[in-house]
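A short worksheet on the structure shown next.
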């Protein structure tokens, strides 16, 4: 009877605690001996059963605190003191820390419920039995052989904070961190922040088991396992031979600095995640995230196992090699972005994905390089695809790496095919010589265009159809090989264009009910199997003659001569000086001033004999200097060239001139013998520009000085005042005098600006 009871007790108490055979036998002997005491009718008493349950609790506690499975001893008897240093015991851990010298070891004698701070080089040893349920702040020293867990009454916050801006050494060895996401809706189990310290976390266990059979559907947002943020380059973190176990929203977030993550196991118990990847928020389980790094940072991730551990967000490059990624529950999501140059190379890793794919997001003009043969999906093009054509599921964007480093693409929608052939923002796309395999029937309609700009192959397998139905369905400006046992169908409205030295090589069946345009003028060509239907060869056309130019006409007209002069001044833009001319007297004095206005960057404005009009006064106020001129037609023709060259106009009575001849000066006589005697021309050895009348003379001046100009100013030849005021404005182009009957052929092929009003219509011969 005793033997029967002994067997039942041993099996009931220890069948499910996960102990090895050696430990089970030793402990069974001990308990069997304790049970060999008199009992009433051979029945185990209630007190004896309680003793068994208590022993079981001790074993479970020891197992949680010893992830390496090493042997432990039974918890010591309860003592009133919680810690000792050497042979001295203390009632609180704080007292022990305060009294411990540098390099000392504090041994726990009981569980600790107080908040503590360790700021000296000491070791706190839990002896693989005891735990701390308060908040531990570790600035220096070592924690070992201890369990850390949250206070049940504390709903948020960390259970351990590691922080030091000095270069100290901080170590965690054989520490178990218990953390429940069902108890906390936010916060971190362990926070490592703002450190210059050298930190070692080794042989530790991070457990996060919720109360629903070890699984959870939605891990709380911002619920971190080990939160590392702001690690300085002066320090380092070695995260080695640890185990993460449970439903973490994020396990190692915001990593930056000099960090090595090696020989760890990350196991996730999240049962489901939201449809599609997220940007790091919500209920998606993530494993490692990095912050934007500096040039001095170093991130090494090697020899780890990630068992359905969720997403990776790299904002910096990392040396990621010899890891094993298991994804039979849901896909890994790997995102690379940030400031680092180059690609994220994952080729030297093992992916055991089952039927899942690796989702790769590259938002920063970089690629994620994967092992050959591994199928992946590209999420980011899906996110950027226009809503009108976007597939429901991002997994339409499938590709894989080949053994030679090239890629094969398996788009499962027309939008995905377009995104791969014409990638945006540096997203993954078909490279030179790479292949696209059409994995299902596909339609390229009017809202899609395939611009083939690099040499590639598109394979259409047996029983698959690629339908090119859009009016601009495909443009080929490189070498495109269409192959496979399936069919390429060009619809009745479909257009495929081969141009820019492109070549469409048909090694499959192309049914052409639409149009294939081959631009022979750009050396476009088709080859391979004949393409039936409407194939249109576009040859070079003859050069076209230039179209007849158009000309502009602008008018500068005021209500009177004073306002016209003011508007001409406005067209000059900026001017420093004003030449003020009496418009009620002869224009002779004003003509003399045209050269002055050109030389001094001035405008010519008009005044009355005894008053200054308001339009004139408004513009005088804007300048620094005013020249006041006291008071006929051929000279007006010369006013613009005088302004251009800053040359004076010399007035004569037509028969004599009192001006002395100067050497090195070119003289021109404007007008014929009827107005300027030949003797004057001879006196100055002047070139004579003359016509039968003022208009013909004006034409000679224009041909002499402005033959290359495509623009002229025109003014009424019977009202010379407008021509005078326009001379500074027209100095680069010349002034043409016109009246109703004058020859206007000089205006042919010219853009014109009219100054002043005309009492007749001008017909321009263009």
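The values are calculated or read from the model by the stated rules, or taken from the named source; none is laboratory data. Note that the structure is a prediction, hence the values are computed from the model and not measured. Cβ: placed from backbone, ideal geometry, glycine included. Neighbour counts: every protein chain shown.
Kindly indicate whether residue 228 is at pLDDT 80 or above, under 22 Å from residue 132 (Cα atoms) and within 31 Å of the chain's Cα centre (by Cα).
yes
Residue by residue through the range 486-508, note down the ones that are surrounded by fewer than 16 Cβ atoms within 10 Å (Cβ to Cβ) and in contact with a strand residue (DSSP E or B) (Cβ under 7 Å, 6 or more places away or on another chain).
Selection gives 507 alone.
Identify the single condition in (1) part of a loop (DSSP other than H, G, I, E, B); (2) more than 32 Å from the chain's Cα centre (by Cα); (3) surrounded by 19 or more Cβ atoms within 10 Å (Cβ to Cβ) that residue 470 does not satisfy, given that it satisfies every other one.
Residue 470 satisfies every listed condition except (2).
Which residues, taken from the range 400-418, are touching a strand residue (DSSP E or B) at 6+ places or on another chain (Cβ under 8 Å) and more than 16 Å from residue 345 (Cα to Cα)?
408, 409, 410, 411, 412, 413, 414, 416, 417, 418
List the number of the failed condition for residue 401; all other conditions in (1) within 21 Å of the chain's Cα centre (by Cα); (2) farther than 23 Å from residue 482 by Cβ; (3) modelled with pLDDT of 90 or more hold.
Status for residue 401: all satisfied but (1).
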